[in-house]
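The values are calculated or read from the model by the stated rules, or taken from the named source; none is laboratory data. Because the structure is a prediction, the values reported are computed rather than measured. Note: ideal-geometry Cβ built from the backbone for every residue, glycine included; neighbour counts use all protein chains shown.
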Amino acid sequence: MKIDRRLLANFDWILLGLVLSICGIGILNLYSSGYNLYTGGEFLYVKQMFWVLLGLIMMVIAFSVDYRIIIRHAYLIYAVSIMLLLLVSFYGNMTHGSQRWLVLWGFSFQPSELMKLAIVIVLARYFNDNMKKGYNFGNLAALLALLGMPFLLIVKQPDLGTAMFLVILVFCMAVFVGVGRKFLVCFISGGMVLAPLFWFLIKDYQRERILTFLNPERDPLGAGYHIIQSIIAIGSGGIWGKGILKGTQTQLRFLPEQQTDFAFSVFAEEWGFLGVSVLMLIFFALIMWGLKIARHSRDFPGALMAFGVTMFVFWGILINIGMVIGIFPVVGIPLPFFSYGGSSMIVLMTGAGLLINVSMRRFILQP
Amino acid sequence: MSGKQDRLTGYDSGRFRKKIQVIIWLVSLAFFLLFARLWYLQIIRGDDLRKRSENNRIRIQEIKPLRGLIMDTHGNILVDNQSSFDISIVPEAAKNIEDVMNKLTDLCDLGEDTISCKKPSFKSGRPFVPVRICKNIDRNKLAIVETHSLDLPGVVVDVVPVREYVYGKTMAHILGYVGNISRSELGRDIYSGYRSDDIVGKYGIEKYLDGYLKGESGGEQVEVDVSGRRLNILGGIKPVPGYNAVLNIDADLQKICWDAFQEKAGTAIVMDPRTGSVMAMVSRPSFDPNLFNRGISGDGWKKLTADSLCPLQNKAISGQYPPGSTYKMLVAAAALEEGLITKNTEIFCDGTYRMGDRTFRCWKKKGHGTVNLHRAIAESCDVYFYHLGEMLGVDKIAEYAGKFGFGYKTGISLPGEKRGLIPTKEWKLRRYGERWQKGETTSLAIGQGFTLVTPLQLLRAYCAIANGGTLYKTQLIKRIETADGQVVKEFLPEKERTVPVSRKNIDILRYALWGAVNEPHGTGWALKRKERDVCGKTGTAQVISMPEDTSDDVDDVQYRFRDHALFVCFVPYKDPVIALLVIVEHGGHGGSVSAPIVRRIVDGYFNLERRRKKT
């Protein structure tokens, strides 16, 4: 592939810098939380470094190929993701009572993470294809079909959080492209009709989680325990924090899931409000930068994809931090670029690659 | 780039830019909310949540002090501390409590008292506080639990110090026992510094000296992890062990007294007449105070309280008996001191004494003939004392009784002491609304009737006669010392009063008591020993008045109607070193039952002394 010099000149170093600084803080944080959790094997922060490196490779691939080519193959990407989800439901590994993992060549992979990115790409393609005609109810049906398949497969795992995450992404992108008001009313009212139905379909533990979210003290030993301990960890960090390796909630393991879902609580406990402010500012800058990329995209699919990926990151931040500070229910959504997790890291790095892709092609794009 | 519509694709970037502007606001708002919440948690509630995290991490654990030891006068340990093992479960660490409990019960039988896993204490909302599921497991079970500890998450073994009463039953009434403080005790002022999980003395010395024995609790700040494992000790205050108590009791002598009774019920006290210290005090039947260590079972308690022989009662201080003939000493002392008689005053005893229309009998039906005071005491002539009673009157006897320490507590360092009863004319009027009858003084003079004394009072009065007239305070405790032996408080002999009887008259009484044992017709003749001169007085305390012509054969009388047999004595005649009282409950007539017991104790004491001198 011939590399256009203008591409290098327009390379989005700022985005890369923001992403890598979050990854760096995340790795440091994993080092601290894993310090007393060592159970043999490789340290998680070392593994996370490996995932970041792997992610960087994916990122390079993702920004090297012109995003229009990627969008052209959107349905293929989507189909592959659906295939992987199907594979999970047949051959997936069970952990903690749900079937989310696919083991390939010794690596565990979570196709539902890939699906988050795939749905963004496929929607960019779909909305772009139908833009000129305007959006109507026929589109709604197609949209529901595109969303419905992965949604049901993921609910079946069961992973309610990720399934809802897909709904949110689809909703955001639909609003963004400007589907009609009727369309939105249908979408929302349909959701409201389905919600009670949903209540009966979901598993007991999921129902429990929602109830516990509404009142964490309801079950201080069980589901509410996580949230209470997380709030104690975050609050006890105060302004200055307890210092790295000195977070008592973390190091004495009062805080659960501290490397994945509650990684932010570890950081907040050890670095305090000051550290949290810095991290939040980086996150904020990243989102703003992503929106800027969407805004400056020369074409519609680029803008849509950039917007979708940014929303992917934004909702990840909002839901994860909202969860650990007790304003969202406990759902297994990792904090983007920060929580431990190979699938999530690789997919997000790929997403960042797509953002860079759109960003660096904004000037050279010939319509 | 200026918001114009792209001709080829129809992409209106201007329209989307406006939308993105709105989204930027929404995203900013979302971040602002997250920030606000983080501000609230970390800055406004920071201190409060910091405290909660410290509460998670730091546990204040009380360290109970070791209770003070109790020793006998020679330093032999009477009450020691031993380890007992409890099993508790930490709910959080156990995760599935039912599972762990099942595993535990599969491994070993924990006994019936095991708390069920359904207990509400497991759902108290304090997941890291261990819940005790069974107490006092034996060492075999402990070993099983310890070796399987990996399969039993959350199961912890607590070591709890318990009291060990080395001499078991033989000293139960002196030492008492301990138990968990009760709700009603917690309410009382004397227990103001106590906590609801404290162990307190419930009876005996354990109760009387609780304030000295209990020591002071210490505490530890311990850092624990989520499963309650102790990681670091951050600081603490060491507990101060309780003070040790040294008693005047001689454990070997106590044992001799206990064994002397064989299986009979009753009480024996040995005192040093020169100091008033209590060297032995036995009350039978007794109980095993070790049973109370970890809480006595309901059945065990019922058995103890339902026993008609009252094993829980210390008969030496709580038993109240008519003194019988042992009281004659007091009547004689009063009559001598009041100048109503001299040692030569003779009275003729034909076996009966008439008072109004009633006839009182001497225990010797044929009568003693003409007797003087010496013989009257030695041979325990009732008629002689009927006359003295008439001469003295009830109130004069009561006055002397009071001077000899009757009618009020001796103040021994044990809870539950009774004061006895010394009747007066006024008392009867107040109590029954009736006037005193002359005949009542008659039976009073031989220690029957209303009069009630505790064995300890009686012995103390005899000590005063033995030592020439000094009424000492009864001293059970010798001293209190710290765990490393520094004396905190010493209990020296304390004179309470000098009895108002002249030395000359006391000598008359002492000689008569010598006669009672060492002269052929004396009632204590059975106790005559070649090598030492025991001086003493027998007595029979009537349980109920028996019809007059029943057989003298005690075996025919139902046990519970039989009289109590008393014997009070001191040894030797010159400068006595011990005074001894024995009461055999329902033993029948005075000398025959109590004498062998007294003999065993006296001989035992002197053998003990001889052995001690040799070594």
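Would you confirm whether or not region A:11-33 contains a residue that is under 22 Å from the mean Cα position of the chain (by Cα) and not in a helix (DSSP H, G or I)? Yes. Restricting attention to region A:62-118 and to residues that are of a type in the set (S, T, N, Q) and out of contact with any helix residue (DSSP H, G or I) (no Cβ under 9 Å at 6 or more places or on another chain), the residue that is modelled with the highest pLDDT turns out to be A:N93. Only residues that are surrounded by fewer than 24 Cβ atoms within 10 Å (Cβ to Cβ), part of a helix (DSSP H, G or I) and not aliphatic (A, V, I, L, M) were counted across region B:269-305, and they come to 9. Looking across region A:249-265, the residues that are in a loop (DSSP other than H, G, I, E, B) and among the polar types (S, T, N, Q) come down to A:Q258, A:Q259, A:T260.
For the residues A:V276, A:V347, the requirement of being among the hydrophobic types (A, V, I, L, M, F, W, C), farther than 27 Å from A:D66 by Cβ and modelled with pLDDT of 95 or more singles out A:V276. For region B:588-615, the set of residues classified as small (G, A, S) and either touching a Lys or Arg at 6+ places or on another chain (Cβ under 7 Å) or modelled with pLDDT of 90 or more (or both) consists of B:G588, B:G604, listed by residue number. Answer yes or no: is there a residue in region B:186-199 that is buried (at least 20 other Cβ atoms within 10 Å of the Cβ) and closer than 30 Å to B:P285 by Cα. For region B:186-199, residues buried (at least 20 other Cβ atoms within 10 Å of the Cβ) and closer than 30 Å to B:P285 by Cα: present. Screening the candidates B:P500, B:P455 for the property of being under 20 Å from B:V331 (Cβ atoms), of a type outside the set (G, A, S) and touching a Ser or Thr at 6+ places or on another chain (Cβ under 6 Å) yields one hit, B:P455.
Within region A:159-197, the only residue that satisfies the criterion of being touching a residue at least 60 places away in the same chain (Cβ under 8 Å) and in a loop (DSSP other than H, G, I, E, B) is A:D159. Among the residues of region B:40-52, those identified as in a helix (DSSP H, G or I) and either more than 17 Å from A:F264 (Cβ to Cβ) or within 7 Å of another protein chain (Cβ to nearest Cβ) (or both) are B:L41, B:Q42, B:I43, B:I44, B:G46, B:D47, B:D48, B:L49, B:R50, B:K51, B:R52.
For beta carbons closer than 9 Å, sequence separation of 6+ or different chains, a first residue in region B:51-64 that is among the acidic types (D, E) and a second that is buried (at least 16 other Cβ atoms within 10 Å of the Cβ) and assigned to a helix (DSSP H, G or I), the qualifying pairs are B:E54/A:S236; B:E54/A:T248. Starting from residues that are among the acidic types (D, E) and in a strand (DSSP E or B), keep the ones in region B:53-95 and report whichever is modelled with the lowest pLDDT. Checking each candidate, the answer is B:E62. Just one of the listed residues (A:Q249, A:Q258) is more than 10 Å from chain B (Cβ to nearest Cβ) and crowded, with 24+ Cβ neighbours inside 10 Å, and it is A:Q258.
Restricting region B:161-194 to residues that are assigned to a loop (DSSP other than H, G, I, E, B) and in contact with a strand residue (DSSP E or B) (Cβ under 8 Å, 6 or more places away or on another chain), the residue that is farthest from B:L304 (Cα to Cα) is B:Y194. Could you check, for region A:61-84, whether at least one of its residues is touching a Cys at 6+ places or on another chain (Cβ under 6 Å) and either surrounded by 13 or more Cβ atoms within 10 Å (Cβ to Cβ) or polar (S, T, N, Q) (or both)? Scanning region A:61-84, I find no residue that is touching a Cys at 6+ places or on another chain (Cβ under 6 Å) and either surrounded by 13 or more Cβ atoms within 10 Å (Cβ to Cβ) or polar (S, T, N, Q) (or both), so the answer is no. A single entry from A:M280, A:M288 fulfils the requirement of being surrounded by fewer than 22 Cβ atoms within 10 Å (Cβ to Cβ), within 10 Å of chain B (Cβ to nearest Cβ), under 30 Å from B:N55 (Cβ atoms) and within 18 Å of the chain's Cα centre (by Cα): A:M280. The residue that is nearest to the chain's Cα centre (by Cα), counting only those in region B:222-250 that are surrounded by fewer than 21 Cβ atoms within 10 Å (Cβ to Cβ) and more than 14 Å from chain A (Cβ to nearest Cβ), is B:P241. From the list A:G332, A:G322, A:G308, the one residue that fits, being more than 10 Å from chain B (Cβ to nearest Cβ) and touching a Lys or Arg at 6+ places or on another chain (Cβ under 9 Å), is A:G332.
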